[in-house]
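Each remark here refers to the structure printed beneath this line.
Read-outs throughout are calculated quantities, based only on the coordinates presented, and are distinct from any laboratory measurement. Computed from a predicted structure; not experimentally measured. Note that we place each Cβ from the backbone using ideal geometry, even for glycine, and neighbour counts take in every protein chain shown.
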Amino acid sequence: MWLQTSCDLGFEIAVPTPFVLMLRPRSGAQQWIASEQYWLSPSVPVFEFTDVYGNLCQRLVAPVGAFRVHTSAQVMISDSVDRAPDAPFIDVQNLPDSILCYLLPSRYCESDRFGQMANEITAGQLPGYNQVAAIEAWLRDTIRFDPYNGDVFLSAIEINARQWGVCRDLSHLGIALCRSLSIPARMVVGYLYGLQPMDLHAWFEAYVGNRWYSFDATQRAISGGYVAIGYGRDAADVAVYNQFGPALLPAEKRVSVELGAPPSGAN
């Protein structure tokens, strides 16, 4: 499946403002970036780096006035999301070093507070993938997905108490439940073809069977169409932009995911 993704952000800048952006998807096992565009208006010096989670980030200082960011990409992805019922739990002592950070509590995922609850949700399940699938199903059936009210960042404990949230919130709770069972879990932010209403999206991945698998409790049937931009322990690590100084929200935001055609010469 070929997808054309785009994200446009517009800001009104009152004072010169440092930004760290995370808007460039990377090629990997689940996606191939055939081409991309990235421009700023007005043009300013940009310094790119890779953060500790492997995400491509850009540092810049936005000048006073209207400031626009545009990014788009032509991406090839699988038509479906890999599933692996019965994929085994990996003992902590056998996990790769780079995975260990995804076992620990983090700012929005207080996994040390969910042990009993996670065990109740996954009772009778084979350790590993089946436990995560049970958590995904429980989230889908228990926590109401409301895509319109995500201005306040809440933790897993707060979402469990409130019983509703946006995609980011359901992912935080799913991650906390997985980690409480010693299953590494991380948040992903990116695009989803066919998402309603269209916006940037968040889901989570769990490490079982010696690889990462995707889970998304906001969708009744998880299928293809996911394009990842960033990975991290929780939402604090995967913000598509961080701005430093007086609080600033986008004056404009447009996200698009459409079916695309392969580049010339591609199959």
Worksheet item: How would you rank MET22, MET76, going from fewest to most other Cβ atoms within 10 Å of each one's own Cβ?
Response: MET76, MET22
Response to the item:
One point scatterer per Cα, no solvent, Debye formula: log10 I(q)/I(0) for the chain at q = 0.11, 0.13, 0.17 Å⁻¹ comes out as -0.63, -0.87, -1.38
Worksheet item: Stretched out fully, how many nm does the piece from ASP79 to ASP97 gain, at 0.36 nm a residue minus the Cα gap?
Response: 3.4 nm
Fill in: Relative contact order [Cα under 8 Å, 6+ residues apart], the chain, whole percent
28 percent
Worksheet, complete the sentence: Per DSSP loop assignment and a cutoff of at most 14 other beta carbons within 10 Å, the chain keeps its longest run without exposed chymotrypsin sites (Phe, Trp or Tyr not before Pro) at 1-147
Discussion item. Relative contact order for the range 92-237: what percent, with Cα pairs under 8 Å and sequence separation of 6 or more?
Written reply: 27 percent
Worksheet entry | Extension reserve of the ARG113-ILE157 stretch, reckoned as 0.36 nm per residue once the Cα distance is removed | 15.0 nm
Response to the item:
In nanometres, the difference between 0.36 nm per residue of separation and the alpha-carbon distance of SER223 and ALA123 is 33.4 nm
Practice prompt. Label the range 92-237 by shape, choosing from rounded, prolate and oblate, from the square roots a ≥ b ≥ c of the eigenvalues of the Cα gyration tensor; if a/c is under 1.5 it is rounded, and otherwise prolate applies when a/b is larger than b/c, oblate when it is not.
Written response: rounded
